[in-house]
Amino acid sequence: MVLRGPRTAAATLLADLVVTAVISLVIFGVMVGLRTETIPGGLKLVPRWSAALGLAAMVVAGRLMLHLIWWNRKPGARSAWSPAGMMPDWARNLKLSGRFVRPATLIFALVLPFLPFTDRYILDLSILVLTYVMLGWGLNIVVGLAGLLDLGYVAFYAVGAYSYALLAHYFGWSFWLCLPVSGILAAFWGIILGFPVLRLRGDYLAIVTLAFGEIIRIVLLNWYWFTGGPDGISGIPRPDFFGIVGFERGPGGFADTFGIEYSSLHRIVFLYFLILALALLTNFVTIRLRRLPIGRAWEALREDEIACRSLGLNTTTVKLSAFATGALFAGFAGAFFATRQGFISPESFTFTESALVLAIVVLGGMGSQMGVVIASVALIGGFEVFREFEQYRMLIFGLAMVLIMIWRPRGLIAGREPSIFFRTRKTISGALVSQGEGH
Amino acid sequence: MNAPALLSVSQVETFYGRIQALRGVSLDVHEGEIVTLIGANGAGKSTLMMTICGSPQARSGQILYRGHDITRTPTHQIMHMGIAQSPEGRRIFGRMTVMENLRIGASVADPSHFDRDIERAFALFPLLKERRNQRGGTLSGGEQQMLAIARALMAQPRLLLLDEPSLGLAPLVIKQIFGAIRELNATQGLTVFLVEQNAHHALRLAHRGYVMVNGKITMTGTGVELLGREEIRAAYLEGGVH
Ligand SMILES: Nc1ncnc2c1ncn2[C@@H]1O[C@H](COP(=O)(O)OP(=O)(O)O)[C@@H](O)[C@H]1O
Ligand SMILES: [Mg+2]
């Protein structure tokens, strides 16, 4: 039913809702409102009018929502009713103001630990968000740029975390030595995974990477004498200040050396800046790579593998390099995770983590760096805000994801910026960017 | 033509699993020639072109390019030897701009010649210059075909392989594209191997032609000769003349 003028619209709508109410009252009145119970010697009618009314009200409300959201789309409108923030125009404006938004976000991230309202809780939460931003950016290389759907990304995160934990545990290596080693080991595993899946794409690739993620976790779980199995590894050394001083209280500590008052927050602030630096490194490398032949090759691979081969690209190296680069950053993030927690166990590296990181990438708009930031803040921050509604929070987030995907099927920040220009830098017009054809 | 051929295909057999697509195909392409391969849908034309590029590889027979046996050479190496291809269906990168498409085409080329090559490509197809920052997927079919050819040219090839460049295009656009191919051949001496269903245009453009039926070469001759043959007229031209 299409409603036209405002007046007739309201009248028609009202009439429709009244009819709905009557029909549902009749149905529910009989079926729910009256209940029979067996009593000695026969049946007894128990009235339950409130339940019937409630159900009828829900039906009417539901129909009203359908009228408002679904059934009255303007012809030719892009999709169902959507909030202003989800409109293409708004997203385009956001993109145009990107030149302003990006530095502002960066400055905010840099000063956050020193803002008056920042406390331990906010810092911890920010560190968590930044960890996911970093993982999101890392996975964005594999999924967003190279178009390889990886459902086992958390495996490389685990490799990084366990590399540091085990090297520190058995050999006493320091965090600063282990950080690059963890990344390299993870990248190495990225290549190992890459080989068997070279010929796979899409769904098949996703299944194999999923299995790979599980294999790593199960190996960690069962290799008891080496990894501690389900007990995990505890007592992982906390990071020190670039190998110079530690953050403990007393003489020789960070506060003492720099002549400031001891605070347990120093370590947290340091961790915050560490993960911020790691995340920015990921971002910087990704942006640089996009402009280099290898980055262009990744994007071309995502678009059309056969065309890539016919242009002389070695798709084997292109794929393996994407896996390895993505895994490298997951390895860094893993080492950071281990040193921050001081304790790791296979439980931290379940499929849910992979799914969450993938959700961040997809929700943000595949290939969009800023989108990953927004999606991380929204998802991880959202999880915290809804902490009290523990049992509903997955429900709420599932629903939110579905809605966002309806409103913005290509992610919050869709479209991509060209990485090369002819003489003058000319942005692709918004209309071309937000349509998303030709994929 | 007694000089060794630039590309020489002899007795090539190619299979898709158990299905045989090429049955002992032999043909030669000499330096500076335009050679066309015509045949009906499913004859094996694209298969031959892809076999030359090593994907899929021939099960038996031999492919020589400038005297080197490339039958078992990996595709990406073959594309580094001066062979470039505009594949069937154009296969341009839809979400990337015209410039980015061309840049990827230049992957195997000497990067110091990029500016010169791109000017040449734009001189050949001025439309592409206007659309250089537009995304490939938003180009018209003809423009996409021009982009596919320009992208292949960015590799600085000696031998250009074209698979059905006229597919789905309006007659006027076909004329334009075939004109560009003729110009490339005449002014730069580029050797072209052209796979076509559009026999009329292809045979008029090409110096020599081959006809393929069910994975076999059944006829060969100069373009003019083949155009005059009764069986060609009957099978490929009647009703198909533009
Ligand atoms: N990837 C493939 N797998 C299996 N069979 C194929 C494949 N590609 C082509 N064929 C078969 O090989 C034969 C030749 O196809 P093709 O070379 O595409 O013909 P043309 O280009 O002349 O239209 C056809 O019978 C086709 O069905
Ligand atoms: Mg074909």
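The values are calculated or read from the model by the stated rules, or taken from the named source; none is laboratory data. Predicted model only: the values in this text are computed from it and were never measured. Neighbour counts run over all protein chains shown; Cβ positions are idealised from the backbone, glycine included.
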*Applying the selection to the stretch B:1-10, what residues are free of Cβ contacts under 8 Å to residues at least 60 places away in the same chain and either loosely packed, with under 15 Cβ neighbours inside 10 Å or assigned to a strand (DSSP E or B) (or both)?*
B:M1, B:N2, B:A3, B:S8, B:V9, B:S10
*Scan of the stretch B:118-172 for residues that are of a type in the set (G, A, S) and either assigned to a loop (DSSP other than H, G, I, E, B) or touching a Cys at 6+ places or on another chain (Cβ under 8 Å) (or both), ordered by number*: B:S140, B:A155, B:S166, B:G168, B:A170
*asked:* Cβ-Cβ distance below 7 Å, separation of 6 or more or different chains: which pairs start in the stretch B:191-214 with a residue that is within 14 Å of chain A (Cβ to nearest Cβ) and end on one that is within 16 Å of ligand 1 (Cβ to nearest atom) and among the small types (G, A, S)?
replied: B:V195/B:S46
_Residue pairs, Cβ under 6 Å, 6 or more apart or interchain, first in the stretch B:99-123 and more than 15 Å from B:I149 (Cα to Cα), second modelled with pLDDT of 90 or more and part of a helix (DSSP H, G or I). List them._
B:F114/B:A106
*Top-ranked residue in the stretch A:351-409 [being within 14 Å of the chain's Cα centre (by Cα) and not in a helix (DSSP H, G or I); ranked as nearest to A:V101 (Cα to Cα)]*: A:S368
*surrounded by fewer than 23 Cβ atoms within 10 Å (Cβ to Cβ) and at pLDDT 95 or above: does that describe B:I70?*
yes
*Search result, residues across the stretch A:277-313 that are in contact with a His (Cβ under 8 Å, 6 or more places away or on another chain) and either more than 13 Å from chain B (Cβ to nearest Cβ) or surrounded by fewer than 20 Cβ atoms within 10 Å (Cβ to Cβ) (or both)*: none
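What number of residues within the stretch B:11-38 satisfy the criterion of being in a strand (DSSP E or B), near ligand 1 (Cβ under 7 Å from one of its atoms) and either on the phi > 0 side of the Ramachandran plot or hydrophobic (A, V, I, L, M, F, W, C) (or both)? It would help to see each step written out before you state the result.
Restricting attention to the stretch B:11-38, the residues satisfying the condition of being in a strand (DSSP E or B) are B:11-16, B:19-29, B:34-38.
Keeping just the survivors that are near ligand 1 (Cβ under 7 Å from one of its atoms) gives B:16, B:19, B:21.
Among the residues that remain, those that are also either on the phi > 0 side of the Ramachandran plot or hydrophobic (A, V, I, L, M, F, W, C) (or both) are: B:19, B:21.
Qualifying residue count, the stretch B:11-38: 2.
Answer yes or no as to whether B:Q77 is in a loop (DSSP other than H, G, I, E, B) and either under 30 Å from B:N101 (Cα atoms) or within 13 Å of the chain's Cα centre (by Cα) (or both). Full working, then the answer.
Working: in a loop (DSSP other than H, G, I, E, B): no; either under 30 Å from B:N101 (Cα atoms) or within 13 Å of the chain's Cα centre (by Cα) (or both): yes.
Taking the combined requirement at face value, the residue does not satisfy it.
Return yes when B:G136 is buried (at least 21 other Cβ atoms within 10 Å of the Cβ), more than 16 Å from ligand 2 (Cβ to nearest atom) and of a type outside the set (A, V, I, L, M, F, W, C) and no when it is not.
yes
Looking only at the stretch B:39-61, count how many residues are within 18 Å of B:M212 (Cα to Cα) and more than 14 Å from ligand 2 (Cβ to nearest atom).
Step one: filter the stretch B:39-61 for residues within 18 Å of B:M212 (Cα to Cα), giving B:39-52, B:58, B:61.
If we keep only those that are more than 14 Å from ligand 2 (Cβ to nearest atom) too, we end up with B:58, B:61.
The qualifying residues number 2.
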*Of the residues B:I38, B:I70, B:I78, B:I34, which single one is closer than 22 Å to B:L194 by Cα and within 11 Å of chain A (Cβ to nearest Cβ)?*
B:I78
*Restricting to helices (runs of 4 or more DSSP H) lying wholly in the stretch A:240-323: which have 2 or more residues that are small (G, A, S)?*
A:265-291, A:293-303, A:305-310
*Assess whether B:T191 counts as being more than 28 Å from B:A123 (Cβ to Cβ), of a type in the set (S, T, N, Q) and more than 16 Å from ligand 2 (Cβ to nearest atom).*
no
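Are any residues in the stretch B:142-161 of a type outside the set (A, V, I, L, M) and away from every other protein chain (no Cβ under 12 Å), and if so, which ones?
So in the stretch B:142-161, the residues of a type outside the set (A, V, I, L, M) come out as B:142-145, B:151, B:156-158.
B:G142, B:E143, B:Q145, B:R158 - these are the residues of the stretch B:142-161 that are of a type outside the set (A, V, I, L, M) and away from every other protein chain (no Cβ under 12 Å).
Taking the conditions exactly as written (away from ligand 2 (no atom under 16 Å from the Cβ), in the same structural domain as B:A40 (by TED's automatic domain parsing) and at negative phi), does B:A199 satisfy them or not? Explain how you work it out, then say what you get.
On the way: away from ligand 2 (no atom under 16 Å from the Cβ): no; in the same structural domain as B:A40 (by TED's automatic domain parsing): yes; at negative phi: yes.
The answer is no for B:A199.
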